[in-house]
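Reading through the structure tokens given below for one structure.
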Amino acid sequence: MDQRLCTGCRQCEMNCNVAVPDQFNFDLVARRAVYIPFLQVPGAVWKGPSP
């Protein structure tokens, strides 16, 4: 995945099948390994493992 090509469509997040503990929720729930942390931010891009 190339962060420079991110358009914020969240397709990568929906297709990611790797679950990791969600630190924001004290590891009580899981989230996708690739995610957009703040959807409300203009120009939001994905975060995830480095290529």
Check your understanding: Applying the selection to segment 28-49, what residues are at pLDDT below 80, within 12 Å of the chain's Cα centre (by Cα) and not basic (Lys, Arg)?
Key -> Ile36, Pro37, Phe38, Leu39, Ala44, Val45, Trp46, Gly48, Pro49
Review point. Any residue in segment 17-27 that is assigned to a loop (DSSP other than H, G, I, E, B) and modelled with pLDDT under 85?
Key: no
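The values are calculated or read from the model by the stated rules, or taken from the named source; none is laboratory data. Keep in mind that this is a model prediction, so the values were computed, not measured.
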